[in-house]
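Trainee: Next up is a structure, given as structure tokens.
FYI, it's all coordinate maths here, none of it is from the lab. Keep in mind that this is a model prediction, so the values were computed, not measured. We place every Cβ from the backbone using ideal geometry, glycine too, and count neighbours over all the protein chains shown.
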């Protein structure tokens, strides 16, 4: 027998979050009710606004509540002439945190996957082609995931860039920083050998 | 540079949930935006209603949106004459799941802790005393946590029951079911020896 239908419905709703099972949902619900009701209310408001107002940027297709996201609208980034192609908006966050990239992005929201019926137009490559045609772009940096599908998507886009005479480059594959060489898998290691760079003095 | 202030505020708000750090918050936000907007809206509504409407039961002090929770209001449970004292509403859930208890509860929302300035009235023992005085209660089952504070709280309430001629009992301490005896800690094992029960044929 339950003491509160609202509490039940809160626990049930919390389970839509990834990685939250019945036990975590219960702990979250009790924690909010007992110690942080104002935090719970803030979360509810943030959720409502985000779910109803956040759409996609017209240019790069990342999540934003404006027509065009702040990165695409930034004149300094427009002048940069580089476009970095990523699979998801989370990848933009990751690249932005490095502080190494000053251009704009293009978010595919997935990757080519013919078996699942996901073709070029499903990941917005028609819009990318349109941009390659109309904008002055110096370089397209392909930062799709280092998976079979990610590589295939990168190759497809590289060919597309070639048709419009735009340089395409792929982010380097190799051993990650930190850790030990003997722990790195063979595929990564052979990529890191093939992609070796001359040390300049 | 961020693409969406609303997305940032959603990630920040999600961190009020226990066990959710920056990375999980980001994953949750993207998952909801990309795949489950209706789930996100339902969660927002459930949160708003729960945070604003859920209060405490007048009798047992558990979470409920009614004056008196469904367990306290149940006539069959009222006739039972047993009251189970627990530290938190989550404990009620745990005990209800066993299906072994047919009485009512009393939730302390904490335990006695003189060092933190938490005395008997802060955990509602004045209201429990009031109930012992006015209601016909056969037995008070003390199911506080098996910690130093939980034991002290149980002892204090047992004395209180004695003053009103009400039987008090403590849930059994001993080896948990499953697992191996050699893995059980010494304190638990000595409790299980001291609390041994005669096998009846």
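Trainee: Quick one: would you say residue B:35 is closer than 16 Å to residue A:40 by Cβ and more than 18 Å from the chain's Cα centre (by Cα)?
Mentor: No; evaluated as a whole, the condition is false for this residue.
Trainee: A further question on this structure: Of all residues in the range A:38-55, which are within 25 Å of the chain's Cα centre (by Cα), part of a helix (DSSP H, G or I) and within 7 Å of chain B (Cβ to nearest Cβ)?
Mentor: A:43, A:44, A:46, A:47, A:48, A:49, A:50, A:51, A:53
Trainee: Next question, about the same structure. Determine whether residue B:22 is over 23 Å from the mean Cα position of the chain (by Cα) and more than 8 Å from chain A (Cβ to nearest Cβ).
Mentor: Yes; evaluated as a whole, the condition is true for this residue.
Trainee: Then there is this: Answer yes or no as to whether residue A:129 is crowded, with 17+ Cβ neighbours inside 10 Å, away from every other protein chain (no Cβ under 14 Å), out of contact with any strand residue (DSSP E or B) (no Cβ under 8 Å at 6 or more places or on another chain) and more than 20 Å from residue B:34 (Cα to Cα).
Mentor: The answer is yes for residue A:129.
Trainee: Among the residues of the range A:75-98, count how many are surrounded by fewer than 17 Cβ atoms within 10 Å (Cβ to Cβ) and facing chain B (nearest Cβ under 7 Å).
Mentor: Number of matching residues: 1.
Trainee: Look through the range A:58-71, keep the residues that are farther than 12 Å from residue B:7 by Cβ and without any contact (Cβ under 8 Å) to a residue 24 or more places away in the chain, and return whichever of them is nearest to the other protein chains (Cβ to nearest Cβ).
Mentor: Let us first name the residues in the range A:58-71 that are farther than 12 Å from residue B:7 by Cβ, namely A:58-61, A:67-68, A:71.
In the following step, the residues that additionally are without any contact (Cβ under 8 Å) to a residue 24 or more places away in the chain were identified as A:58, A:67-68.
On the way: A:58: 13, A:67: 12, A:68: 10 Å.
Among those residues, the one meeting the criterion is A:68.
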